[in-house]
Structures are given as structure tokens and as C-alpha cells.
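Q: Have a look at the structure that comes next, please.
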Amino acid sequence: MRALVAYVFAVLAISTGLWFGFFDKNDVEGKESRRASSKAPVILAPVVDAPFASSLQALGTAVANESVQLTANRSDLVKAIHFEDGQSVQKSDLLVELETAEEESRLVEAEALRVERQAAHNRAVELNEKGISPDSEVQTALAQLHAAAARVETLKATIRDHEVRAPFAGLLGLRRISVGSLLQSTTVIATLDDLSVVKVDFTIPETWLSAVQIGQPVEALSDAWPGKMFRGKVTAIDTRLDKKTRSATVRAVVANPDLMLRPGMLMKVKVDRGEKSSLQVPENALIQKGHKHFVFVVGDDGIANQIDVTVGRRRVGSVEVLGGLEVGQKVVVKGLVRVRDGSQVEVVAVRDGEKQ
């Protein structure tokens, strides 16, 4: 009887041990499985040292190389018009004539007076040489001759002022006057623009002042000519910044041989800042908190470490890193939501295609 009881207790003990052993094993395996599944799956990308080209895009306004609103120096009736709308003219071409009948008659009178004074001066000189007239009479006659000659030149200048000529070569706008109309000195006859080259004025932020230099190439686009690229260069940078926007006005000169660009056009300007080698990381690897930036670097041990970085220029898909990283380090670019500083991660792949 005692042997039977001992046998039963032994069987129970063995069964209990196997039972607890089974659950302990399952518990350990479950913990390991949960630990493995708690690793955040991530995709990495290497820190590279490569050329970084950046550019600034801005909106600008086209301005004629030379531009003027033509007006007359005198007020009078329009006698003749010697140009058509939109005509190309050369410097000093005659464009408009005003009535000069009154001035021309005065000129004839002045010419006659000058001839008379010339003869009087000649007689005074002749008599003085013979000792008949004093030197004072010669000086008086000479002064009167100079006054008559000056009157002639004044009237000739007045007649010339009744002509409107092109101050430089260019393209005329629309005619705004007609023959016979009374032209005031403030009346605009037409516009004249030199469009052989076009100035494009645009603004840049204060931080770009060190990057934009005189002679730097620019590219400009206009919605009026889709796909047409107009190339030029920076010719001037304003000496003052706008106090409100902290921006400076830059002027570029763009070639316009086909006269496709016109004053007032809205231009999209691209300024190339140049290219130099620098450390770069993908844009989606960067995390910003306040004014600070950091990335998660994953080493061979599979642990993600938060590293503060100093960033520089940006472009689509890439950010320049000025400090905090080294070439060859790998940063997390996907799966950042579950990554914590010092946590274990599961590297699924590297951006360049290398499988882990």
C-alpha cells in the first residue's frame, strides 16, 4: 500500500515538472519572439561626399536696356510725322516736325540783320585803318555783329527744337499724335525702347548676397515663350537692402536678339550658386526640433543613435551636412516613427540596394 502511494506521488511530481517546464519554455520563446518583433524595421542610406549644386529661383521684371517717352521741346502744331507704329529706328532719325513758319521768317530777318552788321563792321575797320574813325567804333560794330550772329544761331536752334529725333536706336511703340494736332511739351508722342538686350531686375534674400557676384550667369524663362531659355549675366547689385524684406535687388542683362522679350514681362530667373563637394544625406533622414536638427545613425550592432547635425544648403531630396557626420555612416531614412535613441532596429535594406 505504501509502495502504491509512493508511486502515485512520483507520477504526480514528474507530471507537474513536465507541465511547468513546458510553460517556462513557451514563456521564454514568447519573450524572445516579442523582443524580436519589437525591433523597428528601417531602411538606411549612406552619408556621401558628392558635388552639391544649388540654385536660387526668383521672379523678376524685364526692363528695356534704354527706354524713353518721346516728347517735344516746344509747343506747336504737328507739321509732319515720319514714323509708323512699331517701327525700328536708328539714332538721330527724324520722327516728328512741328510748324516753323514764324521762326523761319524771323531767321530770314536775322540773317539780313547779320549781313548788315557785317558790312558796318567792315566799313568801321576800313575807316579805322585810314585814321578816320576811332577804335571804339570798330569795337561797337564788332559787338553788334556778334549779337546779330547770335540771334541767327538762336533761331536755328529754335527751329531744330521743332524737330523730334530718336535719341538712340530702338523700337518705337504706338503713335499717339496726328498731323495738325497741337502738341504740348508734355504730350507723349510714342515710346522708344532699346531691346537689343533686356535688363531683368529681381530680388534675392540677404543670405544670398555672398553667393551672387557680378558676371555670374543667369537663366530666365517667360510664360510667353514656353521652353525658351534666355541666358545672361548679373551686371549690378543694389547697394541697399529693403528694410522690411531684408532683400536686395539684382540686375541681370539678358540677350534678346529676336526681340522676343518686352519691357514689363514677368521673368522666372534662376541663378546658379555653383558646385562644390560636401557631405550630404537624404532629405527625409533629417528630423527637426525647434532650431536643432538630428539624424539616427545605425552602426554594425544594429543600434540607432541620435546624432545632432549642422545643416547647410538644401535641394530637392538632399541636404548638405556641415558637421556631426562622417562619410560612410548610415542614417535611417524610413521607419523613423518607431526609432528611439539607443533602440535596437531591424535593418531591412540600405538605400543603395544592399540587403541586410
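Q: Mind ordering 70-76, 321-327 by average Cβ neighbours within 10 Å, highest first?
A: Result, highest mean first: 70-76, 321-327.
Q: Additional query: Given a Förster distance of 22 angstrom, what is the FRET efficiency for ALA119 paired with ASP161, based on the Cβ-Cβ distance and rounded to 0.05? Could the numbers behind the result be given before it?
A: Details: r = 30 Å, r/R0 = 1.38.
For ALA119 and ASP161, the calculated efficiency is 0.15.
Q: Once amide H atoms are built 1.01 Å from N in the peptide plane, which residues 5 or more positions from ASP93, or in another chain, come under 5 Å H to H?
A: Long-range HN contacts for ASP93: ALA166.
Q: Tell me, what does the Kirkwood hydrodynamic radius of the range 86-156 come to in angstroms if you use every pair of distinct C-alpha atoms?
A: Taking the inverse mean of 1/r over all distinct Cα pairs, the range 86-156 comes out at 14.6 Å.
Q: In bins 5 Å wide, starting from 0, what share of all Cα pairs of the range 278-335 does each bin hold, as a percent?
A: The calculated distribution, bin by bin, is 4, 19, 34, 27, 12, 4, 0.
Q: When only Cα pairs under 8 Å and 6 or more residues apart are kept, what is the percent relative contact order across the range 73-220?
A: 37
Q: Let me ask you something else. For the chain, what is the calculated [θ] at 222 nm in deg cm²/dmol (nearest 500), taking -39500 (n - 2.57) for each run of four or more DSSP H residues and dividing by its residue count?
A: So the helix-based figure for the chain works out to -9000 deg cm²/dmol.
Q: Still on this structure, please answer the following. Which pairs break 18 Å Cα to Cα here: LYS91/LYS199; LYS243/LYS289; LYS292/LYS330; LYS228/LYS268; LYS199/LYS268; LYS228/LYS270?
A: From the list (LYS91/LYS199; LYS243/LYS289; LYS292/LYS330; LYS228/LYS268; LYS199/LYS268; LYS228/LYS270), the Cα-Cα distance tops 18 Å for LYS91/LYS199; LYS243/LYS289; LYS292/LYS330.
Q: Related question: Which whole-number percent gives the relative contact order of the chain, counting Cα pairs below 8 Å spaced six or more residues apart?
A: About 27 percent, as a whole number.
Q: ³J(HN,Hα) across the range 221-233 via Karplus (A = 6.51, B = -1.76, C = 1.60, θ = phi - 60°), whole Hz, x for Gly/Pro?
A: Going residue by residue, I get 10, 10, 5, 5, 10, x, x, 8, 9, 10, 10, x, 8 Hz, with x marking Gly and Pro.
Q: Which of rounded, prolate or oblate describes the chain when judged by the alpha-carbon gyration tensor and an a/c cut-off of 1.5?
A: Details: a/c = 6.73, a/b = 4.46, b/c = 1.51.
Verdict is prolate for the chain.
Q: For a protection proxy built on the mean count of beta-carbon atoms within 10 angstrom, sort 305-318, 256-269 highest first, please.
A: By packing density, highest mean first, the sequence is 256-269, 305-318.
Q: Report, in whole Å, the centroid distance computed from the Cα atoms of the range 89-141 and the range 236-277.
A: What the calculation gives is 56 Å, centre to centre.
Q: Let me ask something else about it. What distance in nm lies between label points placed 7 Å from Cα along the C-beta direction at GLU206 and ARG351?
A: 3.3
Q: Students often check this: by mean Cβ neighbours within 10 Å, which of 283-291, 237-245 ranks highest, and how do the rest follow? Please report the intermediate quantities before stating the final value.
A: Details: 283-291: 12.6, 237-245: 10.3.
Per-residue mean Cβ counts within 10 Å order the peptides as 283-291, 237-245.
Q: What size of dipole, in debye to the nearest 20, comes out for the chain about its Cα centre when the only charges are +1 on Lys and Arg C-beta atoms and -1 on Asp and Glu C-beta atoms?
A: 2120
Each value in this text was obtained by applying a stated rule to the coordinates, not by laboratory testing. Every value quoted in this text rests on a predicted model; they were computed, and no experiment measured them. Virtual Cβ from ideal backbone geometry, glycine too; neighbours counted across all protein chains shown.
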